Amino acid sequence: MTTESEPILLTRLLFQPLATCEDLAKHEISASRIFFGIAVWIGLIPPVFAFIGATIFGWQIGAVEPIYLPAPILLGISIAYYITLLFGFVTTALVSQWMSATYGASDSLGTHFAVVTIIGAPLIIGSITHLSPHAFINVLILVPFLIWSMSLLYRGLPITLGISREKGMLMASALIAYLLVAFVSLLGITMFLWTQGLGPELGI
């Protein structure tokens with residue numbers, strides 16, 4: 001595990017998640033390697049898909065006509081999306097590391113970075129739906145990928161962190177609660193900033 005190149009490690013994280021969890025439980029891996037070698041690159045995928053989709057097809061909510069924004073504004077939104085994903089990645093890993101003391105789990109930051117990468121991989125793959133930025137289609141397609149991520153969280157977290165399934169289920173549930181609160185808070189902050197004139201002007 002520690003001698004694999006980043007492309008090989010990335011492939012295992014994406015397509016052999018549970019096997020990777022078992023390897024992570026036996027080996028130490030650096031947080032910087034996961035973050036700079038994997039997270040910053042796969043984190044680009046959703047914003048790039050969203051930029052391409054919004055540029056070609058526009059944004060569509062319901063049966064109304066698509067909304068098109070100028071390329072500079074779309075680029076700014078995509079960059080903000082990317083920064084938000086990386087911020088969410090780091091904070092989720094830090095919260096997971098903080099929780100580890102309660103559940104007797106490994107406190108290696110690199111391991112927690114890897115766990116977040118594994119559980120986020122299905123959503124990264126599912127973000128291909130951003131190429132058709134229709135709100136209903138995105139929700140419809142991303143729900144199964146979200147369920148896949150949650151399954152990996154409940155199955156992979158106890159393996160990776162070296163704790164019992166019971167403790168793993170409790171810790172995974174606590175992480176999901178944190179993510180739900182963070183998501184709702186992000187929506188609230190976004191709406192507030194938009195109403196204060198910090199969002200783009202929409203023109204149909």
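Report, by residue number, each residue of segment 44-91 that is hydroxyl-bearing (Ser, Thr, Tyr) and either assigned to a helix (DSSP H, G or I) or closer than 17 Å to THR190 by Cβ (or both).
THR55, SER78, TYR81, TYR82, THR84, THR91
Just one of PHE89, PHE36 is under 19 Å from ALA182 (Cα atoms) and of a type in the set (A, V, I, L, M, F, W, C); which is it?
Step by step, each of PHE89, PHE36 is checked, and only PHE89 is under 19 Å from ALA182 (Cα atoms) and of a type in the set (A, V, I, L, M, F, W, C).
Every residue in segment 148-204 that is at pLDDT 80 or above and of a type in the set (S, T, N, Q), please.
Across segment 148-204, the qualifying residues are SER149, SER151, THR160, SER164, SER173, SER185.
With respect to ALA105, is the statement that it is touching a residue at least 60 places away in the same chain (Cβ under 8 Å), in a loop (DSSP other than H, G, I, E, B) and in contact with a helix residue (DSSP H, G or I) (Cβ under 8 Å, 6 or more places away or on another chain) true?
When the stated conditions are applied, ALA105 passes them.
Go through segment 155-171 and report how many residues are closer than 15 Å to TRP98 by Cβ and under 17 Å from the mean Cα position of the chain (by Cα).
So the count comes out to 1.
The values are calculated or read from the model by the stated rules, or taken from the named source; none is laboratory data. Every value quoted in this text rests on a predicted model; they were computed, and no experiment measured them. With ideal geometry, Cβ positions are generated from the backbone for all residues, glycine too; neighbour counts draw on all protein chains shown.
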